[in-house]
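Written out below as structure tokens is the structure these notes cover.
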Amino acid sequence: MEHSGQPKANEPVVSLDAVIIGAGFGGLYAIKKLRDDLGLDVLAFDTAGGIGGTWYWNRYPGALSDSESHVYAFSWDEELLQEWDLKRRFIPQPEILRYLEHVAERHDLNRSIRLNTRIVEAAFDESAGRWMVTTDKGQKYSAKYLITALGLLSATNVPTIKGQETFKGDIYHTSRWPKDANIKGKRVGVVGTGSSGVQTITAIAPDVKHLTVFQRSAQYTVPSGDGPLRPEEVAQIKKNFRKIWDDVKNSPLGFGFELSATPTMSVSEEERERIFNEAWKVGGGFRFMFETFSDMGVDLAANKAAQDFIRKKIGEIVKDPETARKLMPTELHAKRPLCDAGYYETFNRPNVSLVDIKATPIVEITPNGVKTADGVIHELDVLVFATGFDAVDGNFKRIELRGRKGLRIQDHWKDGSSSYLSVTTSHFPNMFMILGPNGPFSNLPPAIEIQVDWIGDVVGYMESHGVATFEATEQAEEEWGRLCAEIAEQTLFAQTASWIFGANIPGKKKSAYFYMGGLNAFRDKLKEATGTKFKDFKLEKEKEHRLA
Ligand code: FAD
Ligand code: NA7
């Protein structure tokens, strides 16, 4: 159904079936599911000036998905899988955005999307059993369902450094890269060496006059092995798409390759070296971590073997021994695995320098650059923050979001964000989260599809069974949280400070933000919830709700 979405003077509140927040992969599929499959009256809102979510915002040079291109897409439009031109092994940002825009046009989704519109408030009205939603333009909507597709790597983390406002040049965050950004021939500084930093640094080094990399933590990264797909590879993928997607959704990581079952120490040192070298040649950060051996993420000795291998590679690649030393991580290899297009090689360029800001921290930003603790002012025209995101729950906390009895999400999640099965949270009836906290740690488009399909099933059930409200029980949520924490604690990821555990944001509660039991197991849990007729949820029938 279509809705003008504009409140009229005599109708201050527009009534809808569902409000969707976000128009990335999650929001787009939610529109399709609820509007076209279930026939509901829905509107989606996005702060952005275009659809695409992550791929609208992250326009920094070198931005690329490091899930392989044939599994970084929707599987529900089989025709499009066949039609879409797969060009390279990995899919760069402009191409992903073009793909999502094409999906939106092809399925006529744009008419159900309001861009340049931020949702500032969403509150559950218990007496009406409806969500009251307010935009930054003061428009009000009422809806039975609230679907959040806010993005788990979307709320930017911008550091506040003394003197920042005095800087005479431009400051960009990678995920807010302006269309008119100009770095050519300039002196550029990049703070941050996570995935975004590694991609940006490698891409811009040849174009800038001088590049100063401010590194807080050295990074393990392996070659991506990106390149054009051969026509016979594309043909093979297209022939097998059904099976590929079936395997993806039934695998722990959803990346389209088989995980190794071989423990690292079960093979000889020579064999280990051979397998690591082979993976280095093939490329891909997730493949290096999960296709080589079975235990890099859980066993210290296995992890150390991988660390040693990468450190040795750094030593071989980087010519200046002091730079190589600084680039060699000493921590566990247990952050999100990365891959690159020649990151370590970049530091052999005469126009690139590396500053170890653990040894010499940034003390302030001056009008002309960045001053470090050794008194040096690194003169810059442009400063880039590749400092990541307030991951998973960041965008929830930026909305005035209230559930039953006016409970604010910030208070509900004061001890760390929680959910039942990532898609629901207690006290927030009829609110369905796409990639909410404690969801699968996996390739994300299949995780999104699995979640939206389930949400569609629940909403369909509610509509056909006269269910007014649907809500996870506190107990189910607590148990799910405990399970996520228990599984996460068994991995080395929990011993490493990164966004996966909320450790990158000062003051943020360090806890498990993901379910690390696998996408396949997660999918089974959702199926189980449906199969047991939602026994861990409270369902209130329309009649009961009216009586209450
Ligand atoms: P998003 O695409 O983040 O969309 C969320 C949208 O919600 C945004 O457009 C935002 O503006 C909007 N929004 C938020 N709050 C509000 C509000 N209050 N009002 C209105 N609108 C709001 N995943 C992978 O699986 N593989 C990869 O290789 C990979 N690479 C990545 C690389 C980068 C640089 C980044 C940042 C992320 C990457 N991801 C990757 C994760 C990526 O975010 C997901 O794959 C996917 O795009 C998430 O889609 P989404 O719709 O859930 O969220
Ligand atoms: P990440 O992976 O969180 O990386 C952020 C980087 O910025 C990392 O090197 C941080 O160092 C560094 N950082 C963060 N804050 C600061 C401050 N205040 N000062 C100096 N350095 C800082 O974010 P990305 O955007 O690269 O990637 C996030 C995910 O998005 C990625 O995994 C992909 O899935 C896409 P630290 O390591 O914390 O010492």
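Charge dipole of the chain (Cα centre as origin; +1 on each Lys and Arg Cβ, -1 on each Asp and Glu Cβ, all else neutral): 1160 debye, rounded to the nearest 20. For segment 116-164, the calculated P(r), taken from all Cα-Cα distances in 5 Å bins from zero up to the bin holding the longest distance, is 5, 17, 19, 18, 13, 11, 8, 5, 3, 1, 0 percent.
Here is the size of the chain from its Cα atoms: Rg then Dmax, 23.9, 77 Å. For segment 343-410, the solvent-accessible area works out to 39 Å² per residue, with a probe of 1.4 Å and every protein chain left in place. Take W280: with every protein chain present and a 1.4 Å probe, its accessible area is about 40 Å². Largest first and in whole Å, the equivalent-ellipsoid semi-axes of segment 349-460 read 43, 19, 11, each the square root of five times a Cα gyration tensor eigenvalue.
Rounded to 0.05, the FRET efficiency of the S15 and T160 pair, given R0 = 51 Å and the Cβ-Cβ distance, is 0.75. Considering only the chain, what is the antiparallel percent among its DSSP beta bridges, to the nearest 5? Of those bridges, close to 40 percent are antiparallel. In summary, segment 170-254 shows an alpha-carbon radius of gyration equal to 1.56 times the 2.2 N^0.38 Å reference for compact globular proteins.
Global size of segment 94-180: 18.2, 54 Å for Rg and Dmax (C-alpha atoms, Rg to one decimal, Dmax whole).
Beyond a 26 Å Cα-Cα separation, which of these cross-linked pairs lie in this structure: K243/K313; K168/K326; K144/K535? The answer is K243/K313; K168/K326. Quick one: go through segment 308-324 and flag any residue whose amide nitrogen is under 11 Å from the point 7 Å out along the Cα-to-Cβ line of N348. Answer for this model: 316-320. Of the peptides 95-107, 159-171, 197-209, 364-376, the order by per-residue mean of other Cβ atoms within 10 Å, starting with the highest, comes out as 197-209, 95-107, 364-376, 159-171.
Rolling a 1.4 Å probe over the protein heavy atoms leaves R176 with an accessible area of roughly 90 Å². Just to confirm my numbers, what's the Cα centroid distance between segment 15-60 and segment 312-347 in Å? Each part's Cα centre sits 39 Å from the other's. Hydrodynamic analysis of segment 1-123 uses the Kirkwood radius over alpha carbon pairs. Inserted into Stokes-Einstein at 4 °C and 1.567 mPa s, it gives a translational diffusion coefficient of 84 µm²/s.
The values are calculated or read from the model by the stated rules, or taken from the named source; none is laboratory data. Quick caveat: nothing in here was measured; it's all calculated off a predicted structure. Neighbour counts run over all protein chains shown; Cβ positions are idealised from the backbone, glycine included. Note: accessible area is taken over every heavy atom of the protein model, side chains too, but ligands, DNA and RNA are not part of it. Shrake-Rupley method; radii C 1.70, N 1.55, O 1.52, S 1.80 Å.
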